[in-house]
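J.: One structure, as structure tokens, below. Some questions next.
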Amino acid sequence: MKKNLFLFILISFTQTGFAQNFITKNGKISFFSKTPLENIDAINNQAASVINSNTGELVFSVLINGFLFKKAQMQEHFNEDYLESTKFPKATFSGKITDLGNINFTKDGKYTVSVTGNLTLHGVTNNLATTANITVKGKTLLANTEFAVSPADYKISIPKIVESNIARSIEIKIDCNYIAR
């Protein structure tokens, strides 16, 4: 299934001509929820993503059940009760680097850019705008960003009995190492 998802992302970019694409299939996405009772964090190192250097278009896709937790019970509740990973198996982002002219893909350096697009999580799509840091190193890109999402914005139900155990705003971090294709 991972290969099919990655192939879908790659095929979606073949429509744009002979653009330079930067690709990763092992991007790192982590999240953190801080509460007085207990912190919750998880990591997924299997995010697939493509950046088109000519248009600034970018896509991400990550399988929800690929997030790993320190406690097995947290992982079980995350997949079965909150994110319902059987019903909503992946999260996706489709967007664009809005200030693409700020990046010189042929010159090593660090660049800060704005990214806007649509994040789909738990079957709900919302607009997302953030900044990202991109480092060009030869034929590779290192990209990272941080932003917050609210479970309520994605219709993720938190039972009253445990709502104090889960933050109202979840910190998301993304780190990707792309290679030119």
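The values are calculated or read from the model by the stated rules, or taken from the named source; none is laboratory data. Since we're looking at a predicted model, the values are computed, not measured. Ideal geometry is used to build each Cβ from the backbone, glycine not excepted, and the neighbour counts take in all protein chains shown.
J.: Would you check if there is a residue in region 3-21 being under 28 Å from Ser164 (Cα atoms), surrounded by 15 or more Cβ atoms within 10 Å (Cβ to Cβ), polar (S, T, N, Q) and at pLDDT 95 or above? Don't jump to the end; show me each part of the working.
T.: The first filter runs over region 3-21 and keeps only residues under 28 Å from Ser164 (Cα atoms), leaving none.
No, the conditions are met nowhere in region 3-21.
J.: Which residue, of Ala129, Ala91, is part of a strand (DSSP E or B) and either surrounded by 18 or more Cβ atoms within 10 Å (Cβ to Cβ) or of a type in the set (Lys, Arg) (or both)?
T.: On the way: Ala129 fails: either surrounded by 18 or more Cβ atoms within 10 Å (Cβ to Cβ) or of a type in the set (Lys, Arg) (or both).
So the residue among Ala129, Ala91 that is part of a strand (DSSP E or B) and either surrounded by 18 or more Cβ atoms within 10 Å (Cβ to Cβ) or of a type in the set (Lys, Arg) (or both) is Ala91.
J.: Could you grab me the full set of residues in region 137-181 that are without any contact (Cβ under 8 Å) to a residue 40 or more places away in the chain and within 16 Å of Phe60 (Cβ to Cβ)?
T.: Scanning region 137-181 gives Leu142, Asn144, Thr145, Glu146, Phe147, Val149, Tyr154.
J.: Further, regarding this structure: Given the residues Lys70, Lys28, which is the only one that is free of Cβ contacts under 8 Å to residues at least 60 places away in the same chain, over 15 Å from Val115 (Cβ atoms), surrounded by fewer than 18 Cβ atoms within 10 Å (Cβ to Cβ) and among the charged types (D, E, K, R)? Full working, then the answer.
T.: Working: Lys28 fails: free of Cβ contacts under 8 Å to residues at least 60 places away in the same chain.
After applying the criteria, what remains is Lys70.
J.: Looking at (1) assigned to a strand (DSSP E or B); (2) of a type outside the set (A, V, I, L, M); (3) farther than 20 Å from Asn26 by Cα, which is the one condition that is false for Thr86?
T.: (1)
J.: Moving on. Just one of the numbered conditions (1) of a type outside the set (Lys, Arg); (2) touching a residue at least 12 places away in the same chain (Cβ under 8 Å); (3) surrounded by 15 or more Cβ atoms within 10 Å (Cβ to Cβ); (4) out of contact with any helix residue (DSSP H, G or I) (no Cβ under 7 Å at 6 or more places or on another chain) is not true of His77; which one?
T.: His77 satisfies all of (1) of a type outside the set (Lys, Arg); (2) touching a residue at least 12 places away in the same chain (Cβ under 8 Å); (3) surrounded by 15 or more Cβ atoms within 10 Å (Cβ to Cβ); (4) out of contact with any helix residue (DSSP H, G or I) (no Cβ under 7 Å at 6 or more places or on another chain) except (2).
J.: Taking region 104-118, which residues are crowded, with 18+ Cβ neighbours inside 10 Å, free of Cβ contacts under 8 Å to residues at least 40 places away in the same chain and not hydroxyl-bearing (Ser, Thr, Tyr)?
T.: Residues of region 104-118 that are crowded, with 18+ Cβ neighbours inside 10 Å, as a first pass: 111, 113, 115, 117.
Filter once more, keeping what is free of Cβ contacts under 8 Å to residues at least 40 places away in the same chain: 111, 113.
Once the filter is applied, which keeps residues that are crowded, with 18+ Cβ neighbours inside 10 Å, free of Cβ contacts under 8 Å to residues at least 40 places away in the same chain and not hydroxyl-bearing (Ser, Thr, Tyr), region 104-118 yields only Val113.
J.: In this structure, is Leu58 under 30 Å from Ile134 (Cβ atoms), crowded, with 20+ Cβ neighbours inside 10 Å and modelled with pLDDT of 95 or more?
T.: Values: under 30 Å from Ile134 (Cβ atoms): yes; crowded, with 20+ Cβ neighbours inside 10 Å: yes; modelled with pLDDT of 95 or more: yes.
Criteria met by Leu58.
J.: Kindly provide the set of residues from region 154-166 that are surrounded by 15 or more Cβ atoms within 10 Å (Cβ to Cβ) and within 19 Å of the chain's Cα centre (by Cα), ordered by number.
T.: Kept after step one, since they are surrounded by 15 or more Cβ atoms within 10 Å (Cβ to Cβ), are these residues of region 154-166: 154, 156, 158, 165-166.
Tyr154, Ile156, listed by residue number.
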